[in-house]
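Below is one structure, written out as structure tokens; comments come after it.
The values are calculated or read from the model by the stated rules, or taken from the named source; none is laboratory data. In this text, all values refer to a predicted model and were calculated from it rather than measured experimentally. Here the Cβ positions follow ideal geometry from the backbone for every residue, glycine too, while neighbour counts run over all protein chains shown. Heavy atoms of the whole protein, side chains included, go into the accessibility calculation; ligands, DNA and RNA do not. Shrake-Rupley method; radii C 1.70, N 1.55, O 1.52, S 1.80 Å.
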Amino acid sequence: PESGYLDVTVIDETGPGPAKVQLVGFDPSPPLTNSVSGTTAGVFGDTRADALPYGIAQATFIDRSGAGERLTIEPGNYQLVVSRGPRYSAFKQDITITAGQVTTVQAEIVKLIDTEGFVHGDFHVHSIDSPDSEVTREERVAVMLAEGMDFFTPSDHGVRADFLPTLQSM
């Protein structure tokens, strides 16, 4: 059928902000099992072209503007999950995507854990400069913001990467 569309905005206690957006599909869902060494073992070895985990129909990241790009989605019923790392609540809402229509959701997340005086960091981050990553610098920064990281260190193989120009341009 014709696609439907989803617009998601995110706010927290201070206003618009970054987040991770996941759309979990219901029916029809891919089979949860496959065979690894003769045993049933979840989704390992999944050879589908989309390479998304079981049930995840779409995953994207919203930058600090709080407004995501319009998503094109197959019509159906989904659960929308919006999060920003372990310090914040997760927003969950069942939604229906209708062919030719735009579904609009404003997700509110709330800071649950006071971490004043602490820095949340990731000290092993790869991006496009590393031969084992296809993530652009912009995508990597968006992911780090959406996951609530205060500090992250590029660790691309054989390259000294500098995210400062990317951060400044964003």
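Some notes on this structure:
- Complete set of residues in region 129-170 that are among the aromatic types (Phe, Trp, Tyr) and buried (at least 16 other Cβ atoms within 10 Å of the Cβ): Phe152, Phe163
- Lone unmet requirement of (1) over 16 Å from Asp12 (Cβ atoms); (2) touching a Pro at 6+ places or on another chain (Cβ under 6 Å); (3) acidic (Asp, Glu) for Asp63: (1)
- Filter result (surrounded by fewer than 15 Cβ atoms within 10 Å (Cβ to Cβ) and hydroxyl-bearing (Ser, Thr, Tyr)) within region 68-88: Thr72
One line per residue, one yes/no per condition, for (1) in a helix (DSSP H, G or I); (2) over 18 Å from the mean Cα position of the chain (by Cα):
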{"site": "Tyr78", "(1), (2)": "no, no"}
{"site": "Val82", "(1), (2)": "no, no"}
{"site": "Ile95", "(1), (2)": "no, no"}
{"site": "Gly100", "(1), (2)": "no, yes"}
{"site": "Thr115", "(1), (2)": "no, yes"}
{"site": "Val119", "(1), (2)": "no, yes"}
{"site": "Phe123", "(1), (2)": "no, yes"}
{"site": "Pro131", "(1), (2)": "no, yes"}
{"site": "Val141", "(1), (2)": "yes, no"}
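- Leading residue by the ranking (least open to solvent (accessible area, probe 1.4 Å)) among those in region 91-128 that are among the acidic types (Asp, Glu) and closer than 23 Å to Arg64 by Cβ: Asp122
Yes/no per residue for (1) in a strand (DSSP E or B); (2) modelled with pLDDT of 90 or more; (3) among the basic types (Lys, Arg); (4) open to solvent by less than 80 Å² (accessible area, probe 1.4 Å):
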| site | (1), (2), (3), (4) |
| --- | --- |
| Tyr5 | yes, yes, no, yes |
| Ile11 | yes, yes, no, yes |
| Lys20 | yes, yes, yes, yes |
| Leu32 | no, no, no, no |
| Leu52 | no, no, no, yes |
| Ala57 | yes, no, no, yes |
| Arg64 | no, no, yes, no |
